[in-house]
Amino acid sequence: MKYRIGIDVGGTTTTIAIGNDAREVVVVSEQFESLTASGPQSTSQAILNQIETSLTAIGGTTADIIDVGLATPGPATLDGVLRNTPNLDPALWNGFPFRSTLEEQIRQWSARASVHYIGDGQAAAYGEYSIRSGAVTWDRVGPMAAGLKPLSSLFMLIVGTGLGGGQVQDGRVVRGKEGRAGHAGHLLLPPYAFRYEHDQQLRVGNAMCTAESAISLTGLTHQLEYRLTLPQWADHPLQSVAGSTRDKAKSLRGLASQGDPLAMELFDDQARALGITLLDLNYVGDFDLLIIGGGVCDLSADVKTRYKRIAEEAYQEYALDGFRDLDCLEFSSCGDESPVIGALAFAYTAAL
(Lines give C-alpha, C1' and ligand atoms only; values in the text may rest on other atoms or scores of the structure.)
Protein backbone atom coordinates (compact mmCIF):
# COMPACT_ATOMS: atom_id res chain seq x y z
CA MET A 1 0.00 0.00 0.00
CA LYS A 2 1.21 3.48 -0.89
CA TYR A 3 0.11 6.57 1.04
CA ARG A 4 -0.40 10.28 0.49
CA ILE A 5 -0.10 12.77 3.33
CA GLY A 6 -1.90 16.06 3.95
CA ILE A 7 -0.46 18.59 6.40
CA ASP A 8 -2.25 21.69 7.70
CA VAL A 9 0.13 23.92 9.68
CA GLY A 10 -1.32 26.66 11.87
CA GLY A 11 0.39 29.16 14.12
CA THR A 12 -0.53 27.10 17.19
CA THR A 13 -1.53 23.60 16.09
CA THR A 14 -0.98 21.28 13.14
CA THR A 15 -3.00 18.36 11.77
CA ILE A 16 -2.06 15.60 9.34
CA ALA A 17 -4.22 13.29 7.23
CA ILE A 18 -3.25 10.06 5.49
CA GLY A 19 -4.94 8.63 2.43
CA ASN A 20 -4.57 5.29 0.65
CA ASP A 21 -4.43 4.27 -3.01
CA ALA A 22 -8.24 4.23 -3.19
CA ARG A 23 -8.36 7.92 -2.19
CA GLU A 24 -9.86 7.04 1.16
CA VAL A 25 -8.95 9.13 4.19
CA VAL A 26 -7.68 6.53 6.66
CA VAL A 27 -6.22 8.81 9.36
CA VAL A 28 -6.85 12.35 10.53
CA SER A 29 -4.63 13.07 13.51
CA GLU A 30 -5.55 14.99 16.60
CA GLN A 31 -4.18 18.52 16.57
CA PHE A 32 -0.63 18.70 17.89
CA GLU A 33 1.55 21.65 18.82
CA SER A 34 3.12 23.38 15.81
CA LEU A 35 6.16 24.64 17.79
CA THR A 36 6.35 27.57 15.37
CA ALA A 37 7.78 29.87 18.05
CA SER A 38 10.86 27.64 18.10
CA GLY A 39 11.37 27.98 14.36
CA PRO A 40 10.89 25.95 11.16
CA GLN A 41 13.16 23.05 12.11
CA SER A 42 11.17 22.36 15.28
CA THR A 43 7.91 22.52 13.35
CA SER A 44 9.22 20.20 10.64
CA GLN A 45 10.39 17.69 13.22
CA ALA A 46 7.02 17.70 14.97
CA ILE A 47 5.35 16.99 11.62
CA LEU A 48 7.75 14.18 10.77
CA ASN A 49 7.24 12.60 14.18
CA GLN A 50 3.46 12.66 13.76
CA ILE A 51 3.61 11.21 10.25
CA GLU A 52 5.80 8.34 11.42
CA THR A 53 3.58 7.64 14.45
CA SER A 54 0.37 7.70 12.40
CA LEU A 55 1.73 5.47 9.64
CA THR A 56 3.00 2.93 12.17
CA ALA A 57 -0.45 2.83 13.79
CA ILE A 58 -2.04 1.67 10.51
CA GLY A 59 0.71 -0.78 9.60
CA GLY A 60 2.46 1.46 7.10
CA THR A 61 6.01 2.77 6.92
CA THR A 62 7.55 6.06 5.89
CA ALA A 63 8.96 4.33 2.79
CA ASP A 64 5.34 3.99 1.57
CA ILE A 65 4.87 7.78 1.14
CA ILE A 66 4.36 8.96 -2.45
CA ASP A 67 3.12 12.56 -2.34
CA VAL A 68 2.52 15.14 0.37
CA GLY A 69 0.32 18.25 0.38
CA LEU A 70 1.43 21.09 2.65
CA ALA A 71 -0.95 23.91 3.64
CA THR A 72 -0.04 26.99 5.68
CA PRO A 73 -1.50 30.46 6.19
CA GLY A 74 -0.49 32.81 3.40
CA PRO A 75 0.99 34.75 1.88
CA ALA A 76 3.56 32.47 0.34
CA THR A 77 4.96 31.83 -3.12
CA LEU A 78 3.63 29.09 -5.35
CA ASP A 79 6.65 27.03 -4.30
CA GLY A 80 5.92 27.41 -0.60
CA VAL A 81 8.37 30.12 0.43
CA LEU A 82 6.63 31.91 3.31
CA ARG A 83 6.19 35.69 3.29
CA ASN A 84 5.37 37.49 6.57
CA THR A 85 2.82 34.84 7.38
CA PRO A 86 0.26 35.67 10.11
CA ASN A 87 0.98 34.11 13.54
CA LEU A 88 4.52 33.12 12.51
CA ASP A 89 7.49 35.13 13.79
CA PRO A 90 8.92 36.86 10.70
CA ALA A 91 12.42 36.75 12.19
CA LEU A 92 12.21 32.94 12.02
CA TRP A 93 9.85 32.30 9.13
CA ASN A 94 9.88 35.12 6.56
CA GLY A 95 11.53 33.80 3.41
CA PHE A 96 11.76 30.25 4.72
CA PRO A 97 11.45 27.62 1.90
CA PHE A 98 9.08 25.38 3.83
CA ARG A 99 7.99 23.12 0.98
CA SER A 100 11.46 22.32 -0.34
CA THR A 101 12.89 21.84 3.15
CA LEU A 102 10.16 19.41 4.14
CA GLU A 103 10.54 17.57 0.83
CA GLU A 104 14.26 17.13 1.41
CA GLN A 105 13.54 15.63 4.84
CA ILE A 106 10.78 13.31 3.60
CA ARG A 107 12.96 12.07 0.75
CA GLN A 108 15.29 10.61 3.35
CA TRP A 109 12.41 8.18 3.97
CA SER A 110 11.05 7.80 0.45
CA ALA A 111 13.35 8.92 -2.35
CA ARG A 112 10.61 9.66 -4.89
CA ALA A 113 8.19 11.45 -2.58
CA SER A 114 7.27 15.03 -3.49
CA VAL A 115 5.79 17.83 -1.36
CA HIS A 116 3.27 20.18 -2.98
CA TYR A 117 2.40 23.55 -1.43
CA ILE A 118 -1.07 25.15 -1.19
CA GLY A 119 -2.44 28.04 0.87
CA ASP A 120 -4.70 27.01 3.75
CA GLY A 121 -7.78 28.85 2.43
CA GLN A 122 -7.29 27.23 -0.96
CA ALA A 123 -6.83 23.88 0.76
CA ALA A 124 -10.05 24.30 2.75
CA ALA A 125 -12.03 24.96 -0.41
CA TYR A 126 -10.40 22.03 -2.20
CA GLY A 127 -11.06 19.73 0.74
CA GLU A 128 -14.73 20.67 0.73
CA TYR A 129 -14.91 20.18 -3.02
CA SER A 130 -13.10 16.83 -2.91
CA ILE A 131 -15.45 15.38 -0.30
CA ARG A 132 -18.63 16.72 -1.89
CA SER A 133 -17.64 15.60 -5.38
CA GLY A 134 -16.54 12.15 -4.21
CA ALA A 135 -12.94 12.67 -5.38
CA VAL A 136 -11.87 11.74 -1.84
CA THR A 137 -13.95 9.75 0.65
CA TRP A 138 -13.93 9.96 4.43
CA ASP A 139 -16.20 8.03 6.76
CA ARG A 140 -16.09 10.77 9.42
CA VAL A 141 -17.44 13.55 7.25
CA GLY A 142 -20.55 15.34 8.43
CA PRO A 143 -23.84 15.19 6.52
CA MET A 144 -23.98 17.21 3.32
CA ALA A 145 -27.18 19.18 2.91
CA ALA A 146 -27.24 18.67 -0.85
CA GLY A 147 -25.83 15.14 -0.80
CA LEU A 148 -23.24 13.90 -3.25
CA LYS A 149 -23.95 15.53 -6.60
CA PRO A 150 -22.18 16.63 -9.78
CA LEU A 151 -20.01 19.58 -8.85
CA SER A 152 -17.43 21.64 -10.69
CA SER A 153 -17.07 24.87 -8.71
CA LEU A 154 -17.42 26.40 -5.27
CA PHE A 155 -16.22 29.29 -3.14
CA MET A 156 -15.62 28.86 0.57
CA LEU A 157 -15.38 31.62 3.17
CA ILE A 158 -13.59 30.52 6.36
CA VAL A 159 -14.64 32.55 9.40
CA GLY A 160 -11.99 32.48 12.11
CA THR A 161 -9.69 34.98 13.80
CA GLY A 162 -9.61 36.54 10.36
CA LEU A 163 -11.55 35.73 7.18
CA GLY A 164 -10.01 33.37 4.65
CA GLY A 165 -11.25 32.05 1.36
CA GLY A 166 -10.61 29.71 -1.52
CA GLN A 167 -12.22 28.62 -4.75
CA VAL A 168 -12.49 25.70 -7.11
CA GLN A 169 -13.36 26.19 -10.79
CA ASP A 170 -13.80 23.38 -13.33
CA GLY A 171 -12.73 20.91 -10.67
CA ARG A 172 -9.36 22.58 -10.03
CA VAL A 173 -8.32 24.66 -7.05
CA VAL A 174 -7.56 28.24 -8.08
CA ARG A 175 -4.16 29.39 -6.82
CA GLY A 176 -3.48 32.47 -8.96
CA LYS A 177 -0.41 33.82 -10.71
CA GLU A 178 1.59 34.15 -7.48
CA GLY A 179 -0.37 31.70 -5.34
CA ARG A 180 -2.36 34.46 -3.62
CA ALA A 181 -5.90 33.73 -4.85
CA GLY A 182 -8.74 33.58 -2.33
CA HIS A 183 -8.01 36.51 -0.01
CA ALA A 184 -11.70 37.40 0.21
CA GLY A 185 -11.31 38.91 3.67
CA HIS A 186 -9.77 42.00 2.11
CA LEU A 187 -12.68 42.75 -0.22
CA LEU A 188 -14.18 46.17 0.50
CA LEU A 189 -17.78 46.28 1.71
CA PRO A 190 -20.26 49.17 1.40
CA PRO A 191 -20.87 51.20 4.58
CA TYR A 192 -24.42 49.81 4.84
CA ALA A 193 -22.97 46.36 5.53
CA PHE A 194 -22.16 47.67 9.04
CA ARG A 195 -24.64 48.61 11.79
CA TYR A 196 -22.59 51.47 13.26
CA GLU A 197 -19.99 53.83 11.84
CA HIS A 198 -17.63 52.53 14.53
CA ASP A 199 -17.87 49.02 13.04
CA GLN A 200 -16.52 50.31 9.72
CA GLN A 201 -13.35 51.64 11.31
CA LEU A 202 -11.49 48.41 12.02
CA ARG A 203 -8.38 48.50 9.86
CA VAL A 204 -7.51 45.13 8.36
CA GLY A 205 -4.37 45.03 6.29
CA ASN A 206 -4.33 48.42 4.58
CA ALA A 207 -8.06 49.14 4.53
CA MET A 208 -11.17 49.67 6.60
CA CYS A 209 -14.69 48.50 5.70
CA THR A 210 -13.34 45.12 4.63
CA ALA A 211 -15.15 41.81 4.80
CA GLU A 212 -12.75 40.74 7.55
CA SER A 213 -13.62 43.90 9.49
CA ALA A 214 -17.16 42.52 9.71
CA ILE A 215 -16.81 38.73 9.56
CA SER A 216 -14.16 37.47 11.97
CA LEU A 217 -13.35 37.10 15.65
CA THR A 218 -11.25 40.25 15.25
CA GLY A 219 -14.32 42.04 13.92
CA LEU A 220 -16.55 40.71 16.70
CA THR A 221 -14.05 41.96 19.29
CA HIS A 222 -14.02 45.44 17.76
CA GLN A 223 -17.80 45.57 17.58
CA LEU A 224 -18.38 44.16 21.07
CA GLU A 225 -16.09 46.75 22.64
CA TYR A 226 -18.31 49.50 21.23
CA ARG A 227 -21.60 47.77 22.02
CA LEU A 228 -20.65 47.56 25.70
CA THR A 229 -20.39 51.37 25.81
CA LEU A 230 -23.99 51.82 24.63
CA PRO A 231 -26.80 52.49 27.13
CA GLN A 232 -28.95 49.54 25.98
CA TRP A 233 -26.20 47.11 27.01
CA ALA A 234 -25.20 48.80 30.27
CA ASP A 235 -26.61 45.92 32.31
CA HIS A 236 -25.38 43.10 30.09
CA PRO A 237 -23.68 40.24 31.99
CA LEU A 238 -20.47 40.69 29.97
CA GLN A 239 -19.97 44.04 31.71
CA SER A 240 -18.98 42.21 34.89
CA VAL A 241 -16.97 39.38 33.29
CA ALA A 242 -13.22 39.51 33.88
CA GLY A 243 -10.83 39.35 30.96
CA SER A 244 -10.15 41.21 27.73
CA THR A 245 -12.78 42.14 25.17
CA ARG A 246 -11.31 39.43 22.96
CA ASP A 247 -11.91 36.87 25.70
CA LYS A 248 -15.48 38.10 25.98
CA ALA A 249 -15.93 37.89 22.21
CA LYS A 250 -14.91 34.23 22.33
CA SER A 251 -17.86 33.60 24.66
CA LEU A 252 -20.41 35.02 22.21
CA ARG A 253 -20.97 31.68 20.48
CA GLY A 254 -22.16 30.11 23.73
CA LEU A 255 -24.25 33.15 24.63
CA ALA A 256 -25.93 33.08 21.22
CA SER A 257 -26.96 29.45 21.81
CA GLN A 258 -28.75 30.69 24.95
CA GLY A 259 -30.57 33.39 23.00
CA ASP A 260 -28.59 36.31 24.43
CA PRO A 261 -29.81 39.46 22.58
CA LEU A 262 -26.39 41.11 22.26
CA ALA A 263 -24.71 37.96 20.96
CA MET A 264 -27.57 37.39 18.52
CA GLU A 265 -27.32 40.96 17.23
CA LEU A 266 -23.60 40.60 16.61
CA PHE A 267 -23.96 37.29 14.75
CA ASP A 268 -26.91 38.69 12.79
CA ASP A 269 -24.71 41.58 11.67
CA GLN A 270 -21.93 39.19 10.74
CA ALA A 271 -24.29 36.99 8.73
CA ARG A 272 -25.63 39.99 6.84
CA ALA A 273 -22.13 41.12 5.90
CA LEU A 274 -21.29 37.56 4.88
CA GLY A 275 -24.28 37.45 2.54
CA ILE A 276 -23.15 40.67 0.84
CA THR A 277 -19.59 39.34 0.52
CA LEU A 278 -20.81 36.09 -1.04
CA LEU A 279 -22.88 38.08 -3.53
CA ASP A 280 -19.77 39.97 -4.64
CA LEU A 281 -17.90 36.70 -5.04
CA ASN A 282 -20.71 35.00 -6.93
CA TYR A 283 -20.99 37.89 -9.38
CA VAL A 284 -17.46 37.05 -10.47
CA GLY A 285 -17.46 33.26 -10.16
CA ASP A 286 -21.08 32.07 -10.62
CA PHE A 287 -20.34 29.07 -8.40
CA ASP A 288 -22.20 25.79 -8.01
CA LEU A 289 -21.86 26.09 -4.24
CA LEU A 290 -21.09 28.82 -1.71
CA ILE A 291 -19.73 27.37 1.53
CA ILE A 292 -19.51 28.86 5.02
CA GLY A 293 -16.62 27.37 6.98
CA GLY A 294 -14.65 27.99 10.14
CA GLY A 295 -15.78 28.60 13.69
CA VAL A 296 -19.37 29.55 12.85
CA CYS A 297 -19.94 25.91 11.86
CA ASP A 298 -19.90 25.21 15.61
CA LEU A 299 -22.81 27.53 16.37
CA SER A 300 -25.84 25.77 17.82
CA ALA A 301 -28.31 24.36 15.29
CA ASP A 302 -30.90 27.09 15.86
CA VAL A 303 -28.35 29.89 15.57
CA LYS A 304 -26.84 28.33 12.41
CA THR A 305 -30.30 28.19 10.82
CA ARG A 306 -30.85 31.86 11.65
CA TYR A 307 -27.33 32.80 10.49
CA LYS A 308 -27.83 31.12 7.11
CA ARG A 309 -31.26 32.69 6.64
CA ILE A 310 -29.97 36.20 7.33
CA ALA A 311 -27.00 35.70 4.99
CA GLU A 312 -29.37 34.53 2.24
CA GLU A 313 -31.74 37.45 2.82
CA ALA A 314 -28.90 39.98 2.56
CA TYR A 315 -27.60 38.28 -0.58
CA GLN A 316 -31.03 38.37 -2.21
CA GLU A 317 -31.79 41.92 -1.09
CA TYR A 318 -28.94 43.38 -3.10
CA ALA A 319 -28.62 40.82 -5.91
CA LEU A 320 -29.39 41.50 -9.53
CA ASP A 321 -32.56 39.72 -10.63
CA GLY A 322 -30.57 37.05 -12.45
CA PHE A 323 -28.67 36.17 -9.25
CA ARG A 324 -31.57 36.07 -6.78
CA ASP A 325 -32.26 32.34 -7.18
CA LEU A 326 -29.83 31.47 -4.39
CA ASP A 327 -30.04 27.74 -3.65
CA CYS A 328 -26.38 26.93 -3.12
CA LEU A 329 -25.39 28.29 0.30
CA GLU A 330 -24.34 25.63 2.82
CA PHE A 331 -22.16 25.15 5.88
CA SER A 332 -18.95 23.17 5.54
CA SER A 333 -19.22 19.39 5.71
CA CYS A 334 -15.67 19.04 7.08
CA GLY A 335 -15.52 21.92 9.55
CA ASP A 336 -12.06 22.77 10.87
CA GLU A 337 -10.59 19.75 9.10
CA SER A 338 -11.31 21.07 5.60
CA PRO A 339 -7.74 22.40 5.12
CA VAL A 340 -6.01 19.13 6.00
CA ILE A 341 -8.41 17.16 3.79
CA GLY A 342 -7.70 19.66 1.01
CA ALA A 343 -3.95 19.32 1.50
CA LEU A 344 -4.37 15.55 1.19
CA ALA A 345 -6.54 15.91 -1.92
CA PHE A 346 -3.91 18.22 -3.41
CA ALA A 347 -1.28 15.53 -2.84
CA TYR A 348 -3.32 13.23 -5.10
CA THR A 349 -3.77 15.73 -7.92
CA ALA A 350 -0.80 18.12 -7.88
CA ALA A 351 1.58 15.53 -9.31
CA LEU A 352 -0.70 14.67 -12.23
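Observations
- When H116 is tested against (1) surrounded by 18 or more Cβ atoms within 10 Å (Cβ to Cβ); (2) outside any helix (DSSP H, G or I); (3) over 22 Å from the mean Cα position of the chain (by Cα), just one condition goes unmet, and that condition is (3).
- Only one entry of A135, A91, A125, A111 meets the criterion of being out of contact with any strand residue (DSSP E or B) (no Cβ under 9 Å at 6 or more places or on another chain) and within 23 Å of G164 (Cβ to Cβ), and that entry is A135.
- Scanning segment 257-275 for residues being open to solvent by less than 10 Å² (accessible area, probe 1.4 Å) and under 19 Å from the mean Cα position of the chain (by Cα) gives a total of 5.
- In the set (1) touching a residue at least 24 places away in the same chain (Cβ under 8 Å); (2) closer than 21 Å to L329 by Cα; (3) open to solvent by 30 Å² or more (accessible area, probe 1.4 Å), D170 fails one condition alone, (1).
- Subset of segment 173-189 that is open to solvent by 80 Å² or more (accessible area, probe 1.4 Å) and either free of Cβ contacts under 8 Å to residues at least 24 places away in the same chain or of a type in the set (A, V, I, L, M) (or both) - its residue that is farthest from I341 (Cα to Cα): L188
- Here L320 does not fit the description of being without any contact (Cβ under 8 Å) to a residue 60 or more places away in the chain and touching an Asp or Glu at 6+ places or on another chain (Cβ under 7 Å).
- Pairs meeting the criteria (first residue in segment 116-140 and farther than 17 Å from R99 by Cβ, second residue of a type in the set (D, E, K, R) and open to solvent by 10 Å² or more (accessible area, probe 1.4 Å), beta carbons under 7 Å, at least 6 apart or on different chains) are A135/R23; V136/R23; T137/R23; T137/E24.
- Restricted to segment 1-94, the set of strands (runs of 3 or more DSSP E) holding at least 3 residues that are open to solvent by less than 10 Å² (accessible area, probe 1.4 Å) comprises 3-9, 13-19, 65-72.
- A search for C-beta distances below 9 Å between a residue of segment 212-229 that is under 15 Å from P261 (Cα atoms) and any residue that is assigned to a loop (DSSP other than H, G, I, E, B), counting only pairs 6+ apart in sequence or on different chains, returns Q223/F194; Q223/R195; Q223/Y196; Q223/L202; R227/Y196; R227/H236; L228/A234; L228/H236.
- Enumeration of residues in segment 229-256 that are open to solvent by 30 Å² or more (accessible area, probe 1.4 Å) and aliphatic (A, V, I, L, M): A234, V241, A242, L255
- Residues in segment 191-211 that are of a type outside the set (S, T, N, Q) and open to solvent by less than 30 Å² (accessible area, probe 1.4 Å): A193, F194, D199, L202, V204, A207, C209, A211.
The values are calculated or read from the model by the stated rules, or taken from the named source; none is laboratory data. On a predicted model such as this, the values are computed, not experimentally measured, just so you know. Cβ sites come from the backbone with ideal geometry, for glycine too, and all protein chains shown count toward neighbours. Just the protein is used for accessible areas: all its heavy atoms, side chains included, with ligands, DNA and RNA removed. Shrake-Rupley method; radii C 1.70, N 1.55, O 1.52, S 1.80 Å.
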